Amino acid sequence: METMRIVVTGTVGAGKSTFVKTFSQTEVIETEKRATDDTSLLKKKTTVAFDFGTRALGRDMELQVYGTPGQSRFDFMWDLLIRRAHAYILLVAANRSSAFNDAREIISFMNQRVQIPMIIAMTCTDLPGALGQEHVLFGLGFMNDRNRPPIITVNPHDKTSVLEAVMVLMAHQIFHGSGTKVPNQSTTSATQPPNPQTPKSTYQWPKRQFSAGA
Ligand SMILES: Nc1nc2c(ncn2[C@@H]2O[C@H](COP(=O)(O)OP(=O)(O)OP(=O)(O)O)[C@@H](O)[C@H]2O)c(=O)[nH]1
Ligand SMILES: [Mg+2]
């Protein structure tokens, strides 16, 4: 069984845990704890380690999706998870421009560690005050067309929408891609976050990387 590991990241409350739950065919591993700091103003519980879910793609491939914590004090988990990822999705709550700077920090953090395909997925577009794509891209520091990653809208509660987002990410990889196969990583355990060491896989994702423009 081939395995592809996708990380879903983004700021607090962007919808990462919801995305993983909606995506997964298997029972999700989640690590939500009661929020105690500023986060508690936004939501009661927050992810402190990771969310983990899987979905089979055909008979031979398993997609593994890892949701990161949103709080930067858990950035050691961002580091741990992104180093074994093949690609990632940054969720951005389109109605919370106050969090755009934090989202930029996440992009920068990831860019410093990996060069893997990424897309931006706007959530909360159904809520009052939601900004459009252009504003969100601007807020994230992508001032012009150069080096802009693909941007889509996703509803983390909706299975079709979530699966589409993953397909867009995979298509993005193929578009820039190597045409090679995803490594066989069937030994990755659902109960263990990915190993922080450099992957031993022979699979080569495209080297191209997007900059935050910052
Ligand atoms: N209306 C609406 N609510 C959303 C959307 N996406 C997420 N939510 C809600 O936002 C809240 C936070 O979602 P979570 O999935 O816990 O967010 P998270 O990114 O995992 O948050 P942290 O783990 O704290 O970083 C939940 O109540 C979701 O139902 C959306 O697109 N629209
Ligand atoms: Mg969460």
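The values are calculated or read from the model by the stated rules, or taken from the named source; none is laboratory data. Given the structure is predicted, the values throughout are model-derived calculations rather than measurements. Backbone-built Cβ (ideal geometry, glycine too); neighbour counts: all protein chains shown.
Considering only region 74-83, I want to know if a residue exists there that is surrounded by fewer than 17 Cβ atoms within 10 Å (Cβ to Cβ), within 16 Å of ligand 2 (Cβ to nearest atom) and in a strand (DSSP E or B). No, that holds for no residue.
Got a sec? Which of 87, 35 is away from ligand 2 (no atom under 16 Å from the Cβ) and either of a type outside the set (Val, Ile, Thr) or farther than 25 Å from residue 139 by Cβ (or both)? Steps first, answer last, please.
Working: 35 fails: away from ligand 2 (no atom under 16 Å from the Cβ).
On inspection, the qualifying residue turns out to be 87.
Checking 47, 68, 22 one by one, the residue that is polar (S, T, N, Q), surrounded by 18 or more Cβ atoms within 10 Å (Cβ to Cβ) and more than 29 Å from residue 174 (Cα to Cα) is 47 and no other. Scanning region 25-63 for residues that are more than 10 Å from ligand 1 (Cβ to nearest atom) and part of a strand (DSSP E or B) yields a count of 11. Filtering region 1-27 to residues that are among the hydrophobic types (A, V, I, L, M, F, W, C) and within 11 Å of ligand 2 (Cβ to nearest atom) leaves 8, 12, 14, 19, 20. For the residues 134, 164, the requirement of being surrounded by 16 or more Cβ atoms within 10 Å (Cβ to Cβ), of a type in the set (D, E, K, R) and modelled with pLDDT of 95 or more singles out 164.
How many of the residues making up region 12-24 are near ligand 1 (Cβ under 7 Å from one of its atoms), part of a loop (DSSP other than H, G, I, E, B) and out of contact with any Pro (no Cβ under 6 Å at 6 or more places or on another chain)? Adding up the residues that qualify gives 3.
Just so you know, in region 50-65 the residues that are over 20 Å from residue 31 (Cα atoms) and small (Gly, Ala, Ser) include one that is surrounded by the fewest Cβ atoms within 10 Å (Cβ to Cβ), and it is 58.
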